[in-house]
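Since the structure comes first, as structure tokens, the remarks are kept for the end.
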Amino acid sequence: MTASALTQRTGSRRALPTLLLLLTVFGPISMDLYLPALPALTAELDAVTSVAQLTVTACLIGLAAGQLIAGPLSDRVGRRGILLVGIAAYILMSAVCALSPTVELLIAARFVQGLAGGVGIVISQAAGRDVYTGGALIRFYGRLTVVGGLAAIIGPLLGGLLDAVTDWRGLFVFLAAIGAAILVVTLRMFPETLAPEERTAGGFAHTVADFRTLLRDRAFVGAVLNQGFLYAALFAYLAGSTFVLQDVYGLSPLGYALAFGLNSAGFMTLGHLAGRSAERWSIPGTLTAGVLTSGVGAIGLLVAGLTALPLWVVIVSLFLLAGGVAISSPPATTLALADYPRMAGTASSLLGMVRFGFGGIAAPLVGVAGALSILPLGIVTTVSVLLAGASFLILARGRTASAVRSPQVGSAS
């Protein structure tokens, strides 16, 4: 190996963690970035509001389905090729969105854009499992949670700034440009992380067998369901908080942005601390703490729906709800993926599909009583957190592997 090749390989390895974190963002940010321009989009395409909102739902469904497809494929053929195809499709679909003459075409393009964006999420988690083990793996999943919180802050804010200088079509051009930049970086910095001898063999029947293996593992199913129900509570929070804080409590858009930013910052901080806690203390203990924290926040919202409470109580409840999800994410992801290095893509795809799928089901439920009631949000979040806790207690508590109770810090070379 030449000196230049060795330098490039070393540089790629050092840049890989940052690239993996970036890959997990560009799909979800597609949902948030253009929300400020949604009214203008609705008017220009002469669509009714409910149909225009399907552009958000389509992207969310695509994000879930894309992970389910890309994960098993990456276990069979490797991570790099699938990732490059996903990014290229993301760029193309972003351009199609920008040029869409009808809302129907935009909805279809948003679905495929979500499919492509889901590739980045599942590959980043699976490649992390390829590269890291033990405590280093837990820390990596903690960083993924932090970056997810950062995306929640940056997406709406960046969308608002761009909306001041361009229209909704320009926002999709911007997303295409981001995709192109990520493609260039990936071509240079993303090596294949899954060696040929570690890949699964066989076709569709083998993929089905892998799914069956995972679904027979009580601990895996418990961790996945725990995250699905907690993310249902989180997506309910994302869908309902704007109505609660602005319509019910009368916050200005700036006040709402500050409250939302505070919660997102808390999400990032607690996600980072949870990774450290799971590594140094206990994975099941940290996950339990996350469920309990979310539970306190959900009960606060439920009480606020039953009786009038001050604004600060609702803001604190929302903070605890989102913060508990952040605390739970690193340990639950580790529980789900740690025992399946040869099926990390498949395992990650199921985890991601359930997170986004449950979230997509829960989000519309918070509006069933109109925009001036907190009670549906309180009910949806409380029931979701209770189901999350039950899933963990019934299915996942039995795992006593040493890798879970006392992880060793390290990474694969």
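The values are calculated or read from the model by the stated rules, or taken from the named source; none is laboratory data. All values reported here derive from a predicted model rather than from experimental measurement. Note: ideal-geometry Cβ built from the backbone for every residue, glycine included; neighbour counts use all protein chains shown. Side chains are part of the model used for accessible areas, which takes the heavy atoms of the whole protein and leaves out ligands, DNA and RNA. Shrake-Rupley method; radii C 1.70, N 1.55, O 1.52, S 1.80 Å.
Remarks
- Most fluctuating residue given options A40, A232, A89, as computed from a GNM of the chain linking Cα atoms under 10 Å: A40
- Estimated inter-spin distance, L254 and V316, nm [label 7 Å along Cα→Cβ]: 2.6 nm
- Rounded to the nearest 20 debye, the dipole magnitude of the chain is 1320 debye, with +1 charges on Lys and Arg beta carbons, -1 on Asp and Glu beta carbons, and the Cα centre as origin.
- With a simple spin-label model that places each label point 7 Å from the Cα along the Cα-to-Cβ direction, the separation between E197 and R342 comes to 1.3 nm.
- Using a Gaussian network model of the chain in which every pair of alpha carbons under 10 angstrom is joined by a spring, one finds that among L83, L393, L68 the greatest mean-square fluctuation is at L393.
- When L162, L386, L73 are compared by accessible area of protein heavy atoms, the largest-first order is L386, L73, L162, using a 1.4 Å probe.
- Annotation: amide H-H contacts under 5 Å for Y132 (H modelled 1.01 Å from N, sequence separation of 5 or more, or interchain): A412.
- Here is the P(r) of the chain: all C-alpha pair distances, binned every 10 Å from 0, give 5, 23, 33, 26, 11, 2, 0, 0 in whole percents.
- For the set F220, F229, F174, the ranking by accessible area, highest first and with no ligand, DNA or RNA atoms included, is F174, F229, F220 under a 1.4 Å probe.
- The residue list L54, F260, T286 was ranked by how far each Cα lies along the charge dipole of the chain toward its positive end, using unit charges on Cβ atoms, and T286 comes out on top.
- Restricting the calculation to Cα atoms, the stretch 329-395 yields a radius of gyration followed by a Dmax of 15.2, 49 Å.
- Simple spin-label estimate for E44 and R280 in nanometres, 7 Å along Cα-Cβ: 5.0 nm
- Percent carbon-and-sulfur accessible area, the stretch 67-144, ignoring ligands, DNA and RNA, probe 1.4 Å: 77 percent
- Accessible area per residue in Å² at 1.4 Å probe, computed on the chain: 41 Å²
- What the Cβ-Cβ distance of A177 and L393 gives, at R0 = 35 Å and to the nearest 0.05, is a FRET efficiency of 0.15.
- The sum of -39500 (n - 2.57) across all DSSP H runs of n ≥ 4, divided by the residue count of the chain, sets its helix-only mean residue ellipticity at 222 nm to -26000 deg cm²/dmol.
- Each Cα pair under 8 Å and six or more residues apart adds its sequence gap; the mean of these over the residue count of the chain is a relative contact order of 27 percent.
- Residues V165 and V185, FRET efficiency given R0 of 25 Å [Cβ-Cβ distance, rounded to 0.05]: 0.50
- Applying 1/(1 + (r/R0)^6) with r as the Cβ-Cβ distance of V208 and A88 and R0 = 41 angstrom yields a FRET efficiency of 0.90.
- Accessible area of the stretch 210-286 belonging to carbon and sulfur atoms, whole % at 1.4 Å probe: 65 percent
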